[in-house]
Amino acid sequence: MSIDRSQRNTIFVEEALVLAHEHVQGAQHILRLHAPKTARRAVPGSFAHIQCGERMPMRRPFSMMRTDPTEGWVEFLYKAIGSGSTELAKRVTGDTVSLLGPVGNGFSPSENRRRPVLIGGGVGIPPMVFLADHLRQRHNQARPIVFMGSEVPFPFPSRPSEILVDGIPNGVIGCLPLLDDWGIPSRLASTQGFAGCYDGFVTDLAREWLNSLDSDARKEIEIFACGPTPMLKAAASLARDLELPAQLCLEEFMACAVGGCAGCVVPVHGPEGVAMKRVCVDGPVFEAQSVYPSD
């Protein structure tokens with residue numbers, strides 16, 4: 001399979017300067033890089049392919065959490081779980097890393113669905129923060145709500161939300177402070193008994209809230225999700241049960257990230273049958289029922 005030429009002049013290799021690297025609980029890290037070309041062109045759901053160490057030629061994909069096109073920085077939240085991310089965690093302010101980005105097609109919010117529901121699980125949290133930021137800046141009529149789940153301590157200091165939300169179970173008051181400061185309601189879920197969190201899976205929390213809405217309110221809903229495969233399947237099931245549109249951001253291992261190796265293909269269902277699509281350049285965002293149809 002040849003390299004996807006549709007991405008030509010849209011993906012760049014940059015020697016990115018490490019501006020900040022914060023290490024938080026749960027072996028999680030927040031990395032800010034100066035990568036102006038990527039920052040100007042990134043969209044929620046796109047990612048970067050980063051060389052984690054000088055002796056590690058194989059890059060790793062990392063989804064973006066925030067960007068600032070004016071100042072030229074891109075921010076990533078990741079967990080050190082393998083040799084690549086563990087090596088990347090050693091980078092310090094002033095280092096440079098080779099970055100390939102931005103890669104992939106992002107989310108496409110509908111202008112007619114003004115109550116986006118954003119669901120992020122674990123390493124799927126960053127694209128939801130990026131999308132929430134995008135919605136508040138470019139979709140003034142949108143009223144998003146964000147649900148986040150984690151089985152390790154959240155990578156931010158949780159606090160009680162100052163934004164009241166009808167339909168949320170009693171006692172579920174923990175939020176992501178940054179979103180609260182933006183005026184975007186968020187709630188947290190975990191099975192680990194963290195204070196202020198919903199006791200269960202994040203998709204169950206989202207389902208409880210959606211079930212509290214009347215039929216007219218649901219007509220405003222569109223679901224966006226990113227996280228581990230079981231969570232994405234649950235999000236697709238939720239959307240199917242409630243007859244809601246949904247877009248999912250998939251995360252797959254990949255080698256080249258430009259469509260050449262076909263190492264990240266997934267079956268995608270369409271009107272003409274099943275086709276194998278590459279997560280890197282055909283995705284990573286897909287319509288939910290096309291990747292996880294009903295059994």
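Here are some notes:
- Overall form of segment 5-103 per C-alpha gyration tensor (a/c, 1.5; a/b vs b/c): prolate
- In terms of its C-alpha gyration tensor, segment 185-253 has an oblate overall shape, because the principal axis ratio a/c (a ≥ b ≥ c, square roots of the eigenvalues) is not below 1.5 and a/b does not outweigh b/c.
- Pairwise label distance in nanometres, residue 55 with residue 165, each label 7 Å out on the Cα-Cβ vector: 4.6 nm
- Beyond 31 Å, the tail of the calculated P(r) for the chain holds 26 percent of the Cα pairs.
- Its DSSP H runs of at least 4 residues, each contributing -39,500 (n - 2.57), put the calculated 222 nm mean residue ellipticity of the chain at -5500 deg cm²/dmol, to the nearest 500.
- The gain in end-to-end length when the residue 275 to residue 152 segment is fully stretched comes to 40.7 nm, 0.36 nm per residue minus the alpha carbon separation.
- Helix 229-241 vs. the chain, principal-axis angle (Cα, 0 to 90°, nearest 10): 40 degrees
- Residue exposure sequence - 113, 187 - by fewest surrounding Cβ within 10 Å: 113, 187
- Rounded FRET efficiency, nearest 0.05, which uses the C-beta distance separating residue 195 from residue 111 and R0 of 30 Å: 0.20
- The rule of thumb for compact globular proteins, 2.2 N^0.38 Å, goes into the C-alpha radius of gyration of segment 92-236 1.06 times.
Only the coordinates and a few stated rules stand behind these numbers; no lab work does. Note that the structure is predicted; figures quoted are calculated from it, not measured. Cβ sites come from the backbone with ideal geometry, for glycine too, and all protein chains shown count toward neighbours.
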